[in-house]
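Inspection log for the structure reproduced underneath, given as structure tokens.
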Amino acid sequence: MTGDGAEAFRAVLDEHLAGLSAPERRGTFLGLLQHHLPEGSEPILVGGALVEILTEGMYVTGDIDLLGDAREIGDLLEAAGFEKNGRLFVEEDLGLAVEIVGRHLDPERRSERIRWQGYTLHVLSIEDLIVDRLCAAKFWDSQTDHEQAQLLYGTHHERLDVARLRARAKEERVEDLLDGLEVP
Amino acid sequence: MPVQKFTISTTPELFEAIEALREERGQERSALIEMLLREHPMVEDAIRRRRGQQARPGRRRPGRRDELRALASTARRQWEKRESAGEVAFLDR
């Protein structure tokens, strides 16, 4: 990414994020970021910001967790004015905190694409996202993550690949919690 | 509410950030740190567990189950409405 590219990226962030709510700002940021990275190297959204998008803001998070090339993404963010602190990149004026939590998806997990307000976002599959939350609930005793799994399941149960969800839950030893999730 | 005192050490960066917040908000340092800690999900969970309300999945506080069902139901309707309008879509399903 050239300096001009970073300047252009910063300019579209300033233009498109102004006046948006926090959840809209995070989703729009991701769409713009993916648009400004080379095709094939788009970061994958994981974690709470994805829960926030998929549950229409019923769960609200603080930061944006991404899988991707930390150098490529980090260089772009820093050039666009984000402050680097370890794996975290913060831009206070835009109200954004981005963490590059890893490079690749584990082979057993899948990504998918969603269209969101005109952007194509590369995200962790809902099934894997639910299983991630159930693992945190079971092994870290996190009630918040259990509630996120319930919200995701309740919101999108009709479109889930149930066989794959169950298989992943079995692999991660969280079938018991999966069985407890309810359809509204 | 009775208080317990303890001393913490922080990095200069965190200390300066807390001091800046304290000045901006005009709050006592202890009150500010208590508020910030209480807002953290991990602390929130720990407080709930301490109160014995929501120790583990399956032992949620009364009424929370209904709240979650209502939130999921609302989220589902909103998603479907936006899906119909072409604003959101799963492209690989």
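The values are calculated or read from the model by the stated rules, or taken from the named source; none is laboratory data. Quantities reported herein were computed from a predicted structural model and do not represent experimental measurements. Note that each Cβ is placed from the backbone with ideal geometry, even for glycine, and that neighbours are counted across all protein chains shown. Calculation scope for accessible area: heavy atoms of the full protein, side chains included, ligands and nucleic acids excluded. Shrake-Rupley method; radii C 1.70, N 1.55, O 1.52, S 1.80 Å.
Couple of notes before you dig in:
- Positions within the range A:148-157 being more than 7 Å from chain B (Cβ to nearest Cβ) and under 17 Å from the mean Cα position of the chain (by Cα), in sequence order: A:Gln148, A:Ala149, A:Leu152, A:Tyr153, A:His156
- Residue satisfying all of: in the range A:88-102; in contact with a helix residue (DSSP H, G or I) (Cβ under 7 Å, 6 or more places away or on another chain) and under 30 Å from A:Tyr153 (Cα atoms); surrounded by the fewest Cβ atoms within 10 Å (Cβ to Cβ) among these: A:Gly95
- Some residue of the range B:8-23 being at pLDDT below 75 and either part of a loop (DSSP other than H, G, I, E, B) or within 11 Å of another protein chain (Cβ to nearest Cβ) (or both): no
- Of the helices (runs of 4 or more DSSP H) that lie entirely inside the range A:132-184, those containing 2 or more residues that are out of contact with any Gly (no Cβ under 7 Å at 6 or more places or on another chain) and closer than 14 Å to A:Val51 by Cα span A:143-156.
- Flag for A:Arg115 being under 19 Å from the mean Cα position of the chain (by Cα) and surrounded by fewer than 17 Cβ atoms within 10 Å (Cβ to Cβ): yes
- Out of A:Asp179, A:Asp141, A:Asp145, sole residue that is open to solvent by 30 Å² or more (accessible area, probe 1.4 Å) and either closer than 25 Å to A:Leu30 by Cβ or facing another protein chain (nearest Cβ under 9 Å) (or both): A:Asp141
- Per-region count, the range A:31-41, residues touching a residue at least 40 places away in the same chain (Cβ under 8 Å) and surrounded by fewer than 24 Cβ atoms within 10 Å (Cβ to Cβ): 5
- Within the range B:51-73, restricting attention to residues that are within 7 Å of chain A (Cβ to nearest Cβ) and buried (at least 16 other Cβ atoms within 10 Å of the Cβ), the residue that is modelled with the lowest pLDDT is B:Gln54.
- Count - residues of the range A:51-69 that are crowded, with 21+ Cβ neighbours inside 10 Å and either without any contact (Cβ under 8 Å) to a residue 12 or more places away in the chain or of a type in the set (Gly, Ala, Ser) (or both): 1
- Residues considered: A:Glu7, A:Glu72. Of these, the only one that is farther than 27 Å from A:Gly154 by Cα and at pLDDT 90 or above is A:Glu72.
- Within the range A:15-27, being open to solvent by 10 Å² or more (accessible area, probe 1.4 Å), touching a residue at least 40 places away in the same chain (Cβ under 8 Å) and not hydrophobic (A, V, I, L, M, F, W, C) holds for A:Glu24, A:Arg25, A:Arg26.
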